[in-house]
Amino acid sequence: MTLSMDITFAVGATVIITNQLFSGFFVRTDSLPKSFGWIHHIDYSFYAFRGLLINEFDYKELPCNPLNPLETVEGRCPTGTEFLINYDITNGNKYHDLGHLSIFTFWDDLSSSSSVETTKQQQLSNHHGDINLLYAVTLYPSFVTK
């Protein structure tokens, strides 16, 4: 939770851009600098993207366009495994990625629900004085009229 909408948009944009850059879609994970190599391991979109690619392309025959020689690999149509190698996915498991996504989802739900509960408690404690005043007015209406 942030205090203003400006901070929310700044933090949200930073998190989303970072997730997209290190998920493996725009920049291959093997071409990242060594100092940034660990970031994709804590990025939930990396596991979602990798799991999706493995599910869709592993052990699949891809259609080939004979009019476009750039699609062929050494004169033949590429396979799904070769496509995955192009994205540096050589030893992936979609169930492993699903497990990581489940852990991220559980952690996100846990942290957001505790954050909402803390915010509710803070709001109640901030309005506690108003509730006491309302309670006093209902018990002692003559106090307000004087």
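Return a yes/no flag: does segment 59-74 have any residue that is outside any loop (DSSP other than H, G, I, E, B), of a type in the set (Phe, Trp, Tyr) and at pLDDT 80 or above. Don't jump to the end; show me each part of the working.
Residues of segment 59-74 outside any loop (DSSP other than H, G, I, E, B): 61, 69-71, 73.
In the following step, the residues that additionally are of a type in the set (Phe, Trp, Tyr) were identified as none.
The answer is no; no qualifying residue exists.
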Scan of segment 26-55 for residues that are in contact (Cβ under 8 Å) with a residue 60 or more places away in the chain and outside any helix (DSSP H, G or I), ordered by number: 28
message: Under 7 Å between Cβ atoms, which residue pairs at least 6 apart in sequence (or on different chains) link something in segment 2-25 that is under 10 Å from residue 43 (Cβ atoms) and in contact (Cβ under 8 Å) with a residue 40 or more places away in the chain with a partner that is among the hydroxyl-bearing types (Ser, Thr, Tyr) and outside any helix (DSSP H, G or I)?
response: 24/87
field: Qualifying positions in segment 1-12 - surrounded by 10 or more Cβ atoms within 10 Å (Cβ to Cβ), over 12 Å from the mean Cα position of the chain (by Cα) and part of a helix (DSSP H, G or I)
entry: 7, 8, 9, 10, 11
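The values are calculated or read from the model by the stated rules, or taken from the named source; none is laboratory data. None of the values given here were measured: they were computed from a predicted structure. When we count neighbours, we look across all protein chains shown, and the Cβ atoms used for this are built from the backbone with ideal geometry, even at glycine.
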